[in-house]
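Participant: Mind having a look at this structure? Questions to follow.
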Amino acid sequence: MTGLAIAVDIGGSGVRLALVSAEGLASPVAQRSLEAGVTPVELATVLGEVRAEIETAARTVSAIGVSFPALLETHGRVTTIQNLPGLAGIDVAQLMRAVFGLPAEVKTDGVCGAIAESRLGDGRGVSRFLSVLLGTGASATMLVDGAVVDTAFGVLGDAGHITVDPNGPECLCGGVGCLEALASGAAFARAGKPLGFASASEVIRQARAGHPRANEIANQAGVSLGRAIAIWASLLWPEIVTVGGGLMALGEPLLATARNEMRRVGLDDAVERIELIPGRLGSYGPLIGAGLVALQAMEPNREMGNPR
């Protein structure tokens, strides 16, 4: 892959833009926050404002890649979205063309993060690679020999909504005890509010500082992650699992708790050989991956990352 692409990462709480090359980020990251009730018109306005920060360099590119936190139809229309309900049903590619005047490749944030880790992170050269993203929501994407494993209704369906605690809290999806209801930024914000924590980031900061109630929230997230990986592993048998997204600010304690629970409840043959590690690209994985997807789409003979 050669050249530059504009990468856009739309998350449950903000939007980020940057230029991306085949080697990764090629410009500073510009960002803005988003309200949960943001409308398509408001999103277009925000994107236009952020674009101005990379306007000069943006003239040298011919494609745009978008990471989006929801299930998408093949051509980029949003099907369901819990964290930004005002964007349900929009055609993301069409909106991007209106804002940037460029063709857009749109993938889920999980797919973009997984592609980035498989090419530039610890997924390189791994035959069976599972990438987990714990940001405002939760998702997982599987790659086999560099190709995304797809399903009839999206990449691994909506993997953040597997049940990890039947007695757990209600989820925005309507389910009970989903991974996303226990191990995500939205879950941390909800659990931290009655304790006086202003945000998910505050819960994470307090947990790292040793606050007992914040630690309970973080520990529950680790247990939930371990159970989720045990479930995925019994079906997918990955060699390496990386975890990225904002919750990885909790660091190794989150993964240590997940490893213990994964081995406690999981099928021995499926989990005993799994290497569970932090994603090398951190929270920038989906942003970088969006750019890589756009660069790949510009090539006449593209194969890597195509769904199976």
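Participant: Looking at this structure, is residue 86 crowded, with 22+ Cβ neighbours inside 10 Å and touching a Pro at 6+ places or on another chain (Cβ under 8 Å)? Walk me through how you get there before you give the answer.
Facilitator: Numbers: crowded, with 22+ Cβ neighbours inside 10 Å: no; touching a Pro at 6+ places or on another chain (Cβ under 8 Å): yes.
Spelling it out, it is not the case that residue 86 is crowded, with 22+ Cβ neighbours inside 10 Å and touching a Pro at 6+ places or on another chain (Cβ under 8 Å).
Participant: Return the total of residues in region 214-239 being open to solvent by 60 Å² or more (accessible area, probe 1.4 Å) and either among the basic types (Lys, Arg) or in a helix (DSSP H, G or I) (or both).
Facilitator: Counting residues in region 214-239 that are open to solvent by 60 Å² or more (accessible area, probe 1.4 Å) and either among the basic types (Lys, Arg) or in a helix (DSSP H, G or I) (or both) gives 7.
Participant: Criterion first (in contact (Cβ under 8 Å) with a residue 40 or more places away in the chain, closer than 25 Å to residue 172 by Cβ and of a type in the set (Phe, Trp, Tyr)) does residue 100 satisfy it? Steps first, please.
Facilitator: Values: in contact (Cβ under 8 Å) with a residue 40 or more places away in the chain: yes; closer than 25 Å to residue 172 by Cβ: no; of a type in the set (Phe, Trp, Tyr): yes.
Taking the combined requirement at face value, the residue does not satisfy it.
Participant: Quick check on my filter: what residues within region 15-26 are open to solvent by less than 20 Å² (accessible area, probe 1.4 Å) and closer than 19 Å to residue 45 by Cβ?
Facilitator: Hits for region 15-26 are 15, 17.
Participant: Does region 255-264 include one or more residues that are surrounded by fewer than 23 Cβ atoms within 10 Å (Cβ to Cβ), within 30 Å of residue 96 (Cα to Cα) and in contact with a helix residue (DSSP H, G or I) (Cβ under 9 Å, 6 or more places away or on another chain)?
Facilitator: no
Participant: Same structure, new question: Being more than 22 Å from residue 167 (Cβ to Cβ) and open to solvent by less than 60 Å² (accessible area, probe 1.4 Å) is the filter here; which residues of region 265-277 pass it?
Facilitator: 270, 271, 274, 276, 277
Participant: Report the residue count in region 144-180 for those that are under 29 Å from residue 293 (Cβ atoms) and surrounded by 19 or more Cβ atoms within 10 Å (Cβ to Cβ).
Facilitator: Total satisfying the criteria: 13.
The values are calculated or read from the model by the stated rules, or taken from the named source; none is laboratory data. Just so we're clear, the structure is a prediction, and the values are computed from it rather than from any experiment. Every residue, glycine among them, receives a Cβ derived from its backbone with ideal geometry; neighbour counts consider all protein chains shown. In case anyone asks, the SASA skips ligands and DNA or RNA and just uses the protein heavy atoms, side chains included. Shrake-Rupley method; radii C 1.70, N 1.55, O 1.52, S 1.80 Å.
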